[in-house]
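Comments concern the structure below.
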Amino acid sequence: MLPLLNTQIKRVLITGGAGFIGGALVRRLLRDTKVKIFNLDKLGYASDLTSINQSLAALSSIAEDRYQLMQVDLADAATTAEAVKFADPDLVMHLAAESHVDRSIDGPEQFLESNIIGTFNLLQALRNHWDKLPKERQQLFRLHHVSTDEVFGSLGATGRFSENTPYDPRSPYSSSKAASDHLVNAWHHTYGLPVVLTNCSNNYGPWQFPEKLIPVVILKAVAQEPIPLYGDGGNVRDWLYVEDHVDALLLVANLGKVGSSYCIGGHGEHSNKQIVQAICDHLDRLRPSKKPHASLITLVTDRPGHDRRYAIDPARIMEELGWEPKHCLEEGLETTVQWYLQNLDWCEKLQKSPGYVGERIGVIK
Ligand code: NAD
């Protein structure tokens, strides 16, 4: 079996490692590699280090020496440059971003600052770092930019996104991510920076911040509160279990062709209505209540500009790199529901944190 990462890679800088997907990546690298991990994160409202601290506690004290947290805001060019110099990375996996579409509707500036200016500052710092590396390390170096399928816009009833789909972002979030993808490609073509990109579909799984769809539904249902379903519930997303995304990210970081992008999706197309119903069905079995949980489902005003359908054709990553998802939605969703039921105290802690917004956001009044 191939190692998770090229054994010459010794130092990995992960941005956004205190978030949902970045946290899963940090935990995997801690568990399955020997690399030194630098977790650069501004520690914003969506950050939580519980899962990483638990992993460190479960591993030996050697693991602690392999992990370093750097509280840095990428919007600050000088501290970003200092952090890159300090981490001296062989590989950078850039996940830091403001990521919640509804929040981007209410406050787009933060998305431009983090996702566009933040990526620009990181690129400038990495260009400077890469230019100064000795030849061998220069050849090894990669920036892996982690992006979303939302940059491609909205599909009708048929078709799927692939690496050749033109960009057509439609929300402040997706347009800021599209801009960051363009910057990364420009730094490759203009300055030669070795980059790979990925565009992934919606992720779900343990440790996701309680404002995102799947945790919201579970927590509302458990609290016996109305479960909000946007519009007619017919918006379709291509759901992928977060550990399958981590597998794909590591494959691309390790073996992806420099200058290429890879679409990641697990043939998990479901409407929001189907997802909400499936969660309610799991809860009826795992935590029965007087009435079926689905009786709490309440249609609410749709998100402005809500993209109707996303679906990914993952042929390139499957054929070139041999990736395939290990979890089907049925099983991954059940694991996720069980995990949230067992970790309600963690959710409550985050729901009480100052950054959490419990009420409906992203509606233009
Ligand atoms: P998340 O919101 O859970 O975590 C993002 C992390 O980035 C947070 O810890 C936050 O503090 C940090 N961050 C934000 N702005 C920063 C800045 N200016 N400087 C330093 N740190 C900053 O997000 P996630 O769901 O883990 O997503 C991670 C990445 O994957 C994002 O780039 C997102 O666009 C992409 N993505 C997410 C999904 C999904 O379904 N969640 C799907 C495809 C792609």
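What follows is calculated from the coordinates using simple rules that are stated; it is not laboratory data. Keep in mind that what you see is a predicted model, and the values were worked out from it rather than measured. Counting neighbours? That spans all protein chains shown, and the Cβs are built from the backbone with ideal geometry, glycine included.
A straight line joining the Cα centroids of segment 27-72 and segment 234-271 runs 23 Å. Rounded to the nearest Hz, the phi-derived 3J(HN,Hα) couplings of segment 285-298 under the Karplus curve 6.51 cos²θ - 1.76 cosθ + 1.60 (θ = phi - 60°) are 7, 7, 8, x, 10, 4, 10, x, 4, 4, 5, 8, 5, 10, where x marks glycine and proline. Once backbone amide H atoms are built at 1.01 Å from N, LYS36 has ARG11, VAL12 as its partners under 5 Å, excluding neighbours fewer than 5 places away on the same chain. Summing +1 for each Lys or Arg and -1 for each Asp or Glu among the other residues whose beta-carbon sits under 11 angstrom from that of VAL146 gives 0. Close amide H contacts of GLU269 (hydrogens built in the peptide plane, cut-off under 5 Å, sequence separation of 5 or more or a different chain): TRP239. For segment 74-104 and segment 277-348, what is the separation of their C-alpha centers, rounded to whole Å? When both Cα centres are located, 29 Å separates them.
With a cut-off of 12 Å between beta carbons, the residues surrounding LYS36 carry a summed charge of 0, where Lys and Arg count +1 and Asp and Glu -1.
Here LYS85 is the anchor, and the lysines within straight C-alpha reach of less than 20 Å, apart from those fewer than 8 places off in the same chain, are LYS10, LYS36, LYS42, LYS132, LYS135.
Under a 5 Å amide H cut-off, with hydrogens placed 1.01 Å from N, THR148 pairs with CYS200 among residues at least 5 apart or on other chains. Shown in residue order for segment 112-127 are the 3J(HN,Hα) couplings computed by the Karplus curve 6.51 cos²θ - 1.76 cosθ + 1.60 at θ = phi - 60°: 5, 5, 6, 7, 9, 5, x, 5, 4, 4, 5, 4, 5, 5, 6, 4 Hz (x for Gly and Pro). From its DSSP helices (H runs of at least four residues, each -39,500 (n - 2.57)), the chain gives a residue-normalised ellipticity at 222 nm of -13000 deg cm²/dmol. Across all directions, the average flat footprint of the convex hull enclosing the Cα atoms of the chain is 17.7 nm². The residue among ILE218, PRO292, VAL196 whose Cα reaches farthest toward the positive pole of the charge dipole of segment 152-304, with charges on the beta-carbon of Lys, Arg, Asp and Glu, is PRO292.
Our analysis of segment 117-261 gives Rg over Rh at 1.04, with the two radii drawn from alpha carbon positions and Rh computed by the Kirkwood formula.
Neighbours of TRP130 by Cβ distance under 14 Å: Lys/Arg scored +1, Asp/Glu scored -1, total +3.
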